[in-house]
1. Which pairs do you get when a residue that is modelled with pLDDT under 50 and buried (at least 17 other Cβ atoms within 10 Å of the Cβ), found in segment A:12-33, comes within reach of a residue that is aliphatic (A, V, I, L, M) and not in a strand (DSSP E or B), reach meaning Cβ atoms under 7 angstrom, with the pair 6+ apart or on two chains?
2. If you check B:Gly264, B:Gly191, B:Gly187, which single one turns out to be assigned by TED's automatic domain parsing to the domain that holds B:Ile163 and either surrounded by fewer than 16 Cβ atoms within 10 Å (Cβ to Cβ) or farther than 30 Å from B:Ala93 by Cβ (or both)?
3. Give me the pairs, please: first residue somewhere in segment B:264-285 and under 14 Å from B:Gly191 (Cα atoms), second residue anywhere and charged (D, E, K, R), beta-carbon distance under 6 Å, and either six or more positions apart or on two chains.
4. Out of B:Val198, B:Val189, I need the residue that is under 20 Å from B:Cys122 (Cβ atoms) and under 16 Å from the mean Cα position of the chain (by Cα). Which one?
5. If you check every pair at least six apart or on different chains, which have Cβ atoms under 7 Å apart with a residue in segment A:72-84 that is at pLDDT below 90 first and a residue that is aromatic (Phe, Trp, Tyr) second?
6. Residue under question is A:Gly57, and the condition is that it be in a strand (DSSP E or B) and buried (at least 21 other Cβ atoms within 10 Å of the Cβ); does it hold?
7. Select, from B:Arg52, B:Arg105, the only residue that is among the charged types (D, E, K, R), assigned by TED's automatic domain parsing to the domain that holds B:Glu293 and in contact (Cβ under 8 Å) with a residue 12 or more places away in the chain.
8. Against the definition (touching a residue at least 60 places away in the same chain (Cβ under 8 Å) and in the same structural domain as B:Ser91 (by TED's automatic domain parsing)), how does B:Phe29 come out, yes or no?
Amino acid sequence: MSILTKTEAGPPGPGDPAPSGPFLSVRDLYVQFATEDGVVKAVDGLSFDLERGRTLGIVGESGSGKSVTNLAVLGLHNPRNTTIRGEIVLDGQELTGASERTLERLRGRKMAMIFQDSLTALSPYYTVGRQIAEPYMKHMGASRKAARERAIEMLARVGIPQPRLRVDDFPHQFSGGMRQRAMIAMALVCDPALVIADEPTTALDVTVQAQILDLLKDLQRETGTAIVIITHDLGVVANTADDVMVMYAGRCVERGTVREILKSPEHPYSWGLLASIPRLSAPVDLPLSPIPGAPPSLLNPPSGCPFHPRCAFAEEVGGGRCATVRPGIPEDERRGFACHLGRERKREIFTGQIQPRLGGGAR
Amino acid sequence: MLRFLVRRVLGALVILLLISAITYFLFFFLPSDPALLSCGKNCSPQNVALIRKNLGLDLPIWTQYWHFMVGIFAGRDMPIGHCPAPCFGYSFADQQLVWDTIADRYPTTLSLAIGGATVFLCVGVGLGLVSAWQQGRAFDRIASGVSLVGNSVQIYFLGPIAIGLFASSWHVLDRGHDPDWSHDPWGSVQGLILPCMVLSVIFWSNYSRQTRSLMVEQMSEDHIRAARAKGMSSRYVFLRYALRGAAASIITIFGIDLSAVLGGAIITEVTFGLHGLGLLSVQAVLRSDLPLEMAVMLIGATIIVVCNIVVDAAYALIDPRIRLS
């Protein structure tokens, strides 16, 4: 990995240090889009917390509301067709009702985002250096020259060889892995306290993927950044996250530490996610076991537990409660899951049916 | 860049050569005989033969074409008299030097085309930008309505109305006259305002719609969101990121529209009674005036080809991905 150059401590953010409570706190968040077909309930009553220096992995299928949640944190939704309710508090500052000006000052400086596809997320028309320098000039009031030096420094920091030469390259002259690094440099140029990485490695091959994740971890160790990693790859989560939140249909269905989620998941959806991972140690002719069915329509989510139409164990709950009563998740506990199944029955199913499919819990 | 330019200029020369050859040889497929036409009513075979010889029509077609092309660059001595370097020969119809006629008429058409293009680019792109910025609001709706109307009117319909309103009734604008840039630049501008406005209407409505949709499309790109995510203001992102992307497409469309602009200028000058290339080129065809036809064709084609090279170069400057390949 690259040699990391230590930078001076980031400038104090407004309202620093945080008085009390977690660094990022999302409470009862609803994000709804008005479309021609009706209202899409993309995020439906979501709460989570994140401390400085920790990494939260958000896992779920496409359309489970992972990205939507984080775009809401940054305030990047189109206000014309989006309704956002609930609380998003970053370092003691309420973001949901905040003005565009306030958000603009926070974005890129206090909170930054790394996007999935670096080819489309970098503008093809400007040099990599300029795109990295831009937020530095805006937020830090740096001169063009200072910002350029900073861009070179950042490129070196994320492991781009010959940064002094490459700073004037255009994104299309970079390889996929280098582009992703450049984008990380762009997100981190102002030493943000919160970094949201939306599938930062999905478009990359496995070796580069590992390098990028290591890089994020190194940077976190250096600056104490809080990181949210959005992914559908449990391998990435296992590598990077401290805590995990499993999302389904815009809700959190299970949360806990990474160990808890991977070793002793309690929600049938988490079981399904774990069981659908192909394993190198498994015989090649063993079919994968995907979760049957498709994610529900968010225009018209199923009643009760949104997962019940796809859940193999819904019948085991008496009185058809899965189809009628929405299972809750305890608000203020680190570990939680939203499922009606009894604890005893769950343990039975997990040890009897699920664990064998995971290769004896070898992870 | 240099290699690109050299390659394009060479290509342009080939295209112009082809155009000249096709125009020249097509002329001889026409049933009319220019010698007979200029001979008049009381015409004897001897007269026709003499005129034919004077016009150089007695030589083989290939030889004629060769002489003509050489004359453009080197000038030539003709039976009527000497014809200096950009020589397109003497008109069959009125025995004037074709170059003089052209030099007299081209400024009008060119001024119209350039003025019109400037107006419609500024107004069209400007309206499109504001519409995209105000997407879905009143301004956007009104502008797209106006654009739709503007897109469906014709110059020869709009021209007389504009003259009637702005010149005859309200006396706020000149009704349009030929420019004379060397003696009366300000008067020339005044004389061109109304024609340029009319010419620009059919174009700007199209450009405002194109610009609007290009900008709306650009604004939904990932890199726009990424730029917003790093704290760039929406106006900055709109003007620096989205416009840069849209500009490449706008310029492409403009390159395609160039010949339409020249054509529109010709219709406009006929509508406003200006003395540009419009009537001249129609007359040239009707009178089987080969040298004049050739000159109008070739100069028009040259302008369009050159402008296209400029457009492509501009495109390469805007989009670095093109620049290097």
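1. A:Gly13/A:Ala193
2. Criteria check complete, one pass: B:Gly187.
3. Correct list of pairs: B:Leu274/B:Asp178; B:His275/B:Asp178; B:Gly276/B:Arg105; B:Gly276/B:Glu269.
4. Residue meeting the stated conditions: B:Val198.
5. A:Asn81/A:Phe33
6. Answer is yes for this residue.
7. Being among the charged types (D, E, K, R), assigned by TED's automatic domain parsing to the domain that holds B:Glu293 and in contact (Cβ under 8 Å) with a residue 12 or more places away in the chain holds for just one of B:Arg52, B:Arg105, which is B:Arg105.
8. no
The values are calculated or read from the model by the stated rules, or taken from the named source; none is laboratory data. Nothing here was measured: the structure is a model prediction, and the numbers come from that model. Virtual Cβ from ideal backbone geometry, glycine too; neighbours counted across all protein chains shown.
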